[in-house]
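First comes the structure, then the notes that go with it.
The values are calculated or read from the model by the stated rules, or taken from the named source; none is laboratory data. Every value quoted in this text rests on a predicted model; they were computed, and no experiment measured them. For neighbour counting, all protein chains shown are included, and Cβ atoms are generated from backbone atoms with ideal geometry for every residue, glycine included.
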Amino acid sequence: MSSPRVDVVLPCLDEEGALPWVLGRLPEGWHAIVVDNGSTDDSARVAAEHGATVVQEARRGFGSAAPAGLEAAPAASVAFCDADASMDPADLVALAAPVMAGDADLVLGRRRPTTRGAWPVHARLANLALSHLMRRASGVDLHDLGPMRVARRRALLDLDLKDRRSGYPLEMVLRASEAGWRIVEQDAPYSPRVGRSKVTGTIRGTSVAIKDMSRLLREVGR
């Protein structure tokens, strides 16, 4: 029996080397929407050749790419996953199960490094601090701001998320909590990515993410 169809939104910036593996790992019956976020390589061509729908979004940032993919998704349920091969799209089946069964409204993948170098120390420390603040703000026992997640498309659109930079994943959790969503977390293996990260792979990228998320947390506090 094939899996129920889910659209998988994959924000993408120069990921031609990782896309063949990522797209080849999609669960049966699921469809990829690759949001090309200004790539200078052949990411868009590679994605299309591997059966993905390609959406162009010139405004840089996860918070611009993710909602562009969400808007383009025709399926009732939508998953989000990085396009850098750090997380296996096959693991989305387990994450989607509680949503499909009606037992959860949003499921997040808690990153569990498979090797010591999979998650840079500065990024892991930043995640620990922000996760603590997220738990206080949302009242939900979460430990990661990871990119892998599954929810119903219409419900996500109704949250009317505003952030278009690095704060989008956090805003999703905060607004979902305010709306009374059932939010759960499941472990997901996390491996070294193909190529260099544009956010967690650099101190500057991590700093920008912390700034965006701290602003959201201050707004909730007010």
What are the residues in segment 1-41 that are over 12 Å from V93 (Cα atoms), of a type in the set (D, E) and more than 16 Å from the chain's Cα centre (by Cα), if any? D14, E16, D41
Of all residues making up segment 130-141, the number that are crowded, with 18+ Cβ neighbours inside 10 Å and either in contact with a strand residue (DSSP E or B) (Cβ under 9 Å, 6 or more places away or on another chain) or modelled with pLDDT of 90 or more (or both): 2
From the list A65, A48, A97, A58, exactly one residue is of a type in the set (A, V, I, L, M, F, W, C), in contact (Cβ under 8 Å) with a residue 40 or more places away in the chain and either on the phi < 0 side of the Ramachandran plot or in contact with a strand residue (DSSP E or B) (Cβ under 7 Å, 6 or more places away or on another chain) (or both). Which is it? A65
Say whether the condition of being at pLDDT 80 or above, surrounded by fewer than 19 Cβ atoms within 10 Å (Cβ to Cβ) and more than 26 Å from D7 (Cβ to Cβ) is met by at least one residue in segment 159-171. no
Hits in segment 40-65 - residues which are part of a loop (DSSP other than H, G, I, E, B) and either touching a Phe, Trp or Tyr at 6+ places or on another chain (Cβ under 9 Å) or surrounded by fewer than 19 Cβ atoms within 10 Å (Cβ to Cβ) (or both): T40, D41, D42, H50, G51, A58, R59, R60, G61
Can you tell me how many residues within segment 42-99 are over 19 Å from D187 (Cα atoms) and not acidic (D, E)? 32
Check on A188, touching a residue at least 60 places away in the same chain (Cβ under 8 Å), touching a Lys or Arg at 6+ places or on another chain (Cβ under 7 Å), buried (at least 21 other Cβ atoms within 10 Å of the Cβ) and not in a helix (DSSP H, G or I): yes
Tell me which residues, restricted to segment 104-123, are surrounded by fewer than 19 Cβ atoms within 10 Å (Cβ to Cβ) and in contact with a strand residue (DSSP E or B) (Cβ under 8 Å, 6 or more places away or on another chain). R110, R112, P113, T114, A118
Could you list, ordered by first residue, the pairs with Cβ atoms under 9 Å in which the first is in segment 154-165 and under 22 Å from I210 (Cα atoms) and touching a residue at least 12 places away in the same chain (Cβ under 8 Å) and the second is among the basic types (K, R) and in a loop (DSSP other than H, G, I, E, B), at least 6 apart or interchain? R164/R59; R165/R60
For segment 18-52, give me each residue that is under 16 Å from M87 (Cβ atoms) and not hydrophobic (A, V, I, L, M, F, W, C). P20, G24, R25, P27
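With respect to V35, is the statement that it is touching a Gly at 6+ places or on another chain (Cβ under 6 Å), surrounded by 15 or more Cβ atoms within 10 Å (Cβ to Cβ), of a type in the set (V, I, T) and without any contact (Cβ under 8 Å) to a residue 40 or more places away in the chain true? First the steps, then the outcome.
Numbers: touching a Gly at 6+ places or on another chain (Cβ under 6 Å): yes; surrounded by 15 or more Cβ atoms within 10 Å (Cβ to Cβ): yes; of a type in the set (V, I, T): yes; without any contact (Cβ under 8 Å) to a residue 40 or more places away in the chain: yes.
For V35, the condition - touching a Gly at 6+ places or on another chain (Cβ under 6 Å), surrounded by 15 or more Cβ atoms within 10 Å (Cβ to Cβ), of a type in the set (V, I, T) and without any contact (Cβ under 8 Å) to a residue 40 or more places away in the chain - is met.
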Report yes if some residue within segment 77-91 is of a type outside the set (A, V, I, L, M, F, W, C), in a loop (DSSP other than H, G, I, E, B), touching a helix residue (DSSP H, G or I) at 6+ places or on another chain (Cβ under 6 Å) and buried (at least 17 other Cβ atoms within 10 Å of the Cβ); otherwise report no. no
